[in-house]
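Presented below is the structure to which this report refers.
Bear in mind that the values in this text are calculations on the coordinates, not laboratory data. As the structure is a prediction and not an experimental result, all values here were calculated from the model. Because the Cβ atoms are built from the backbone with ideal geometry, glycine has one as well, and the counts that use them run over all protein chains shown.
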Amino acid sequence: MKKQAGFTLIELIMVIVILGVLAAFALPRFADLGGEARSSTVQGALGAVKSAANIAHAKHLAEADGDSTVTLEGLTINMVNGYPAAGDATTAGIIESAGITSDDFDISYGTGTVTIAAKGASGTCEMVYTQAAANSSPEYSIDADAANCN
């Protein structure tokens, strides 16, 4: 009696069919990771903006000279009511203090606001920084649901 030295054709076909069925169920779960990645990126930008605003505010309070600018890592940041200004394309504000660049995000400026949006998102996937009003802190809003960030 000879010993079997390998797999039969039927066994190989069954393994391929089982792998195909498993791949059909697994693929949709991995196909939508782009939206979650963009959502996480915008949430990370929100954290960076909040941290930068608090660091600049602390430095502004520590200097206590009433100046409308602070210097962080050699960069002069314009301040409004003790917090970083929203800035614009020509003046340094919260974007520069947070280290956010247009290489990574779509950045748009409004009157007293800056919007940071994920590149490549088909829906609304953004956070908005509204500079501080008198006697208050800045406002932050985020719309970065993974479904919107596809």
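Using Cα-only point scatterers and the Debye equation, what is log10 of I(q)/I(0) for the stretch 71-145 at each q in 0.27 Å⁻¹, rounded to two decimals? Taking Cα atoms of the stretch 71-145 as identical point scatterers yields -1.30. Could you tell me how many degrees, from 0 to 90 and to the nearest 10, lie between the Cα long axis of helix 9-31 and the main elongation axis, the longest principal axis, of the Cα atoms of the chain? Between helix and principal axis, roughly 10 degrees. Axis angle, to the nearest 10 degrees, between helix 33-63 and the longest C-alpha principal axis of the chain: 20 degrees. Within the stretch 1-73, the trypsin sites (Lys or Arg not before Pro) that combine a DSSP coil assignment with at most 10 other C-beta atoms in a 10 angstrom radius are Lys2, Lys3.
Based on the Kirkwood approach, the hydrodynamic radius assigned to the chain is 18.3 Å, with every pair of different Cα atoms included. For the stretch 1-80, taking Cα atoms only, Rg and Dmax work out to 29.8, 97 Å respectively.
Among the GluC sites (Glu not before Pro) in the stretch 25-96, those located in a DSSP loop and surrounded by at most 14 other Cβ atoms within 10 Å of their own Cβ are Glu73. Go through Ile55, Thr8, Thr115 and say which Cα lies farthest out towards the positive end of the charge dipole of the chain; charges sit on Cβ, +1 for Lys and Arg, -1 for Asp and Glu. Value: Thr8. How high is the relative contact order of the stretch 34-143, in percent, with contacts defined as C-alpha pairs under 8 Å that are six or more residues apart? This gives 25 percent for the stretch 34-143. Given +1 on the Cβ of Lys and Arg, -1 on the Cβ of Asp and Glu, and no further charges, what dipole in debye does the chain carry about its Cα centre, rounded to the nearest 20? The dipole magnitude comes to about 960 debye.
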